[in-house]
1. Could you tell me which residue of segment 47-82 is farthest from THR35 (Cα to Cα), considering only residues that are in contact with a Ser or Thr (Cβ under 8 Å, 6 or more places away or on another chain) and among the basic types (Lys, Arg)?
2. Look through GLY276, GLY257, GLY239 and report the one residue that is part of a loop (DSSP other than H, G, I, E, B), modelled with pLDDT under 90, at positive phi and out of contact with any His (no Cβ under 9 Å at 6 or more places or on another chain).
3. Which ones in segment 109-124 are surrounded by fewer than 19 Cβ atoms within 10 Å (Cβ to Cβ) and either under 16 Å from the mean Cα position of the chain (by Cα) or closer than 30 Å to LYS225 by Cβ (or both)?
4. Output the number of residues of segment 153-183 satisfying the condition of being more than 23 Å from PHE268 (Cβ to Cβ), assigned to a helix (DSSP H, G or I) and touching a residue at least 12 places away in the same chain (Cβ under 8 Å).
5. Name the helices (runs of 4 or more DSSP H) wholly inside segment 38-123 in which the number of residues that are closer than 25 Å to ASN242 by Cα and at pLDDT 95 or above is 2 or more.
Amino acid sequence: MIIIILIPLFIIALIIKYLKRRKKVSIEGKHVVVTGGSSGIGKSVAILAAKKGAHVTIIARNIDKLSEAQEELKKYRVSEDQIINKVSVDVANYEDVENNLCEIEETVGPIFMLINCAGMAICGRVEDFTEQDIKTLIEVNFLGTLYPIKAIVPKFKQRREGIIVLTGSQVSLVGMYGYSVYSSSKFALRGLAESLIMEVKPYNISVTLALPPDTNTPGFENENKTKPKETHLLSNTAGLYNPEDVAKKLLDDSLMGHFFSFIGLESFILTTLCVGMSPFGSFVEVLVQCVALGPLRLIGAFYIMYFDKIIKKCFLEPVKKRTVIINSIVLFS
């Protein structure tokens, strides 16, 4: 039944993608800044930007990783004139962010595109988080995106051009077991993106909210260390993507002016279900969403029931183990 519904919806999605196809903005010779650019999706996006002839500045805290990433990026330049720059800065410190962005504009040139990829995840049940864990997630994931945007928007408005990318997550749209604080910080990015686009659209500035699924990055490996069993099982239902594929989709969507950037059928379902009052590219897109929302809500309900089943099974496991132990004791006594 679900497959019968999904096939026509997928075909409709492909048609929309074709109808919505816009001319990509060129970043050749322009300055692209990538926060979190020393590894993972950020580094993959920076490589793609370098391949497209852009001057690239990568920002992160770890100077050693930045230096390694900078040397790697230089291999992908299409011209010796391209500048590949690095800046070590804590994106959760506004004064440092503002000063450094002003400095790199003077040395590399005006920033045309800001891609915010800095982020991290700590998993766990809400009662297990320390106060410092909570502050760290909010500072890195939310303030670490807000501060670079706040610093660069006045310059974009003055020049009346620019592209801003915020990297959220699929849990920017749906809460999930073990992601209570992380999801909260990523939900905040959607509110920021939707508000921001209203402020900057008249100035010819576009905003894209990227919603990557689980991606095979060093950050994901670190995230797995704190995942409860339930979170592992729930995450496994969506599969694991390569950072290069996610980065390509992110860059393509942002250069075409799309508000949402997602990859894969499940992400299409989730994004359509949660479209709400988000910006849209055309009325064709809106009409298809109207038609698709009903069936997709039904599919979403099945997902929720499946998730609940997984969580309940994990919840009952300790009870079953205790029962087996008690029965064993009684049997051999």
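The values are calculated or read from the model by the stated rules, or taken from the named source; none is laboratory data. Just so it is clear, the structure is predicted and the values come from calculations on it, not from any experiment. For neighbour counting, all protein chains shown are included, and Cβ atoms are generated from backbone atoms with ideal geometry for every residue, glycine included.
1. Per the stated criteria, the residue is LYS52.
2. GLY239
3. Residues satisfying the conditions are MET120, GLY124.
4. Total satisfying the criteria: 7.
5. Ranges flagged: 40-51, 63-74.
Results for (1) over 27 Å from PHE187 (Cβ atoms); (2) buried (at least 16 other Cβ atoms within 10 Å of the Cβ); (3) hydroxyl-bearing (Ser, Thr, Tyr); (4) in contact with a Lys or Arg (Cβ under 7 Å, 6 or more places away or on another chain), shown as yes or no for each residue.
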residue	(1), (2), (3), (4)
LEU73	yes, yes, no, no
GLU80	yes, no, no, no
ASN85	yes, yes, no, no
THR107	yes, no, yes, no
VAL126	no, no, no, no
THR130	no, no, yes, no
ILE134	no, yes, no, no
TYR147	no, yes, yes, no
